[in-house]
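Inspection log for the structure reproduced underneath, given as structure tokens.
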């Protein structure tokens with residue numbers, strides 16, 4: 001199964017309109033199609049996918065996801081951004097929305113963690129370009145210092161080159 005990338009994720013939510021507003025207003029997703037009060041299909045700003053996120057409304061009194069707290073289930077989905085400047089901008093938007101719950105340096109990735117209106121967790125990350133990775137990668141997770149990472153790699157340096165997509169020849 002030669003997977004080349006993830007195409008989309010589907011979430012069950014309590015209120016599809018509220019969740020659409022969050023992903024649209026905070027992260028810039030576009031509504032590609034919807035059935036009001038039932039479902040919506042969203043596309044990330046730089047995506048060429050038909051949709052990246054499907055949302056299906058279940059009920060306003062639906063119980064929260066218990067995944068990871070005594071039952072199996074998906075922990076989070078992760079979206080990759082091109083630059084640390086973009087990651088920094090998104091950190092501010094998530095902070096302003098009260099959705100940012102963490103920021104970690106995983107060595108090879110610089111990651112933000114946030115909750116959507118239903119408490120479902122997602123990650124937004126920047127990947128260190130392959131030619132900037134050390135021979136020995138420290139996989140320990142530490143706190144993310146975005147200012148220090150921007151000083152180290154440059155705010156506009158394209159991430160994921162040679163990792164998520166091929167390096168130019």
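Read the figures in this text as sums done on the coordinates, not as results from a lab. Here the structure is a predicted model, which is why all the values come from computation and not from measurement. Note that we place each Cβ from the backbone using ideal geometry, even for glycine, and neighbour counts take in every protein chain shown.
Quick check: the angle from helix 84-96's long axis to the longest principal axis of the chain, C-alpha only, nearest 10 degrees?
Rounded to the nearest ten degrees, it is 40.
Tell me the label-point distance for the pair residue 138, residue 67, using the 7 Å Cα-to-Cβ offset, in nm and rounded to one decimal.
In this crude spin-label approximation the distance works out to 3.1 nm.
May I ask for the distance between the Cα centers of the stretch 26-52 and the stretch 1-21, given as a whole number of Å?
If we compute the Cα centre of each part, the gap is 9 Å.
Does anyone have the angle between helix 16-27 and the longest principal axis of the chain? Alpha-carbon axes, 0 to 90°, nearest 10?
20
Which one, 23, 12, 75, has the greatest fluctuation when you compute a Gaussian network model over the chain with C-alpha springs under 10 angstrom?
75
Report, for the stretch 1-59, the % of DSSP beta bridges that are antiparallel, rounded to 5.
Among the beta bridges of the stretch 1-59, antiparallel pairing accounts for roughly 65 percent.
Among 123, 149, 80, which one shows the highest mean-square fluctuation when the chain is modelled as a Gaussian network with alpha-carbon springs under 10 Å?
Fluctuation is largest for 149.
Give the shape of the stretch 38-133 as rounded, prolate or oblate, defined through the alpha-carbon gyration tensor: a ≥ b ≥ c are the square roots of its eigenvalues, a/c under 1.5 means rounded, and otherwise the shape is prolate if a/b is larger than b/c and oblate if not.
Cα axes put the stretch 38-133 in the prolate bin.
With label points built 7 Å along Cα→Cβ from the Cα atoms of residue 46 and residue 21, find their separation and express it in nm.
2.9
The list (1) 40, 38, 33; (2) 49, 35, 34; (3) 44, 33, 32 gives values of Cα extents along the principal axes in Å, and only one came from this structure; which label was calculated from it?
(2)
On full extension of the chain, what length is gained from residue 108 through residue 7, given 0.36 nm per residue of separation minus the C-alpha to C-alpha distance?
34.1 nm
Rounded to the nearest 5, what is the percent of antiparallel bridges among the DSSP beta bridges in the stretch 43-169?
Looking only at bridges with both residues in the stretch 43-169, the antiparallel portion is about 70 percent.
Under a GNM of the chain (C-alpha, springs under 10 Å), which listed residue has the highest mean-square fluctuation: 70, 37, 98?
70
Order by neighbour count: 110, 32, 150, fewest other Cβ atoms within 10 Å first, most last.
Neighbour counts put them in this order, fewest first: 32, 150, 110.
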